[in-house]
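Below you'll find the structure, written out as structure tokens, and then a few comments.
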Amino acid sequence: MGGHALAQQAEVILQATEAIKAGSARELARFFPASLDITLEGKPSNYSRAQAELVLRDFFRNHPPDEFSLIHRGQSKGGQPFAIGQYKSGGSTFRVWLKVRVNGNQQVIEEISFVKQ
């Protein structure tokens with residue numbers, strides 16, 4: 001895998017970070033594949049891209065972002081990029097997990113979770 005692909009992966013994580021900071025499900029959905037796994041309030045579910053956007057829109061509406069920061073970025077043993085962040089809304093703090101997958105020549109968010117701490 002060349003440096004270009006790695007730079008692209010970082011790019012998706014950075015753009016997803018900006019979307020989360022803005023509380024924008026629409027911006028985040030630009031990086032969704034046809035279906036993905038989302039965990040909210042401890043309940044993992046698989047959603048279509050359109051459903052995922054609606055579910056996250058509701059989440060952001062109920063928990064507007066005060067602050068979001070990346071804590072860690074890395075790669076799994078299989079070379080899949082991931083990021084862990086901290087999302088603050090009102091008095092609540094959520095641990096955010098983002099997993100990126102290479103889909104052809106495109107980067108997509110395969111999994112995203114918001115777990116209340």
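Sub-9 Å Cβ pairs linking a first residue in region 104-117 that is of a type in the set (K, R) to a second residue that is at pLDDT below 95 and assigned to a strand (DSSP E or B), at least 6 apart or interchain, number zero.
Tell me whether region 19-31 contains one or more residues that are free of Cβ contacts under 8 Å to residues at least 24 places away in the same chain, part of a strand (DSSP E or B) and under 13 Å from the mean Cα position of the chain (by Cα).
No: region 19-31 contains no residue that is free of Cβ contacts under 8 Å to residues at least 24 places away in the same chain, part of a strand (DSSP E or B) and under 13 Å from the mean Cα position of the chain (by Cα).
Take the conditions (1) at pLDDT 90 or above; (2) out of contact with any Ser or Thr (no Cβ under 8 Å at 6 or more places or on another chain); (3) of a type in the set (A, V, I, L, M); A10 misses just one of them, which is (1). Could you please find all residues in region 59-112 being of a type in the set (F, W, Y), in contact with a helix residue (DSSP H, G or I) (Cβ under 9 Å, 6 or more places away or on another chain) and in a strand (DSSP E or B)? Of everything in region 59-112, those that are of a type in the set (F, W, Y), in contact with a helix residue (DSSP H, G or I) (Cβ under 9 Å, 6 or more places away or on another chain) and in a strand (DSSP E or B) turn out to be F68, F82, Y87. Of all the criteria given as (1) under 14 Å from I20 (Cβ atoms); (2) buried (at least 18 other Cβ atoms within 10 Å of the Cβ); (3) of a type outside the set (V, I, T); (4) under 12 Å from the mean Cα position of the chain (by Cα), the one not satisfied by L70 is (2). Of all residues in region 83-96 being within 20 Å of S45 (Cα to Cα) and either loosely packed, with under 15 Cβ neighbours inside 10 Å or modelled with pLDDT under 95 (or both), which is farthest from the chain's Cα centre (by Cα)? Among residues in region 83-96 that are within 20 Å of S45 (Cα to Cα) and either loosely packed, with under 15 Cβ neighbours inside 10 Å or modelled with pLDDT under 95 (or both), the one farthest from the chain's Cα centre (by Cα) is R95. Any residue that is assigned to a strand (DSSP E or B), closer than 21 Å to K21 by Cα and among the polar types (S, T, N, Q) - is there at least one of those in region 48-58? The answer is no, given that none of the residues of region 48-58 is assigned to a strand (DSSP E or B), closer than 21 Å to K21 by Cα and among the polar types (S, T, N, Q). Looking at I20, is it under 15 Å from S92 (Cβ atoms) and at pLDDT 95 or above? Yes; evaluated as a whole, the condition is true for this residue.
The values are calculated or read from the model by the stated rules, or taken from the named source; none is laboratory data. Source: prediction; values computed, not measured. No Cβ is skipped: glycine too gets one built from the backbone with ideal geometry, and neighbour counts run over all protein chains shown.
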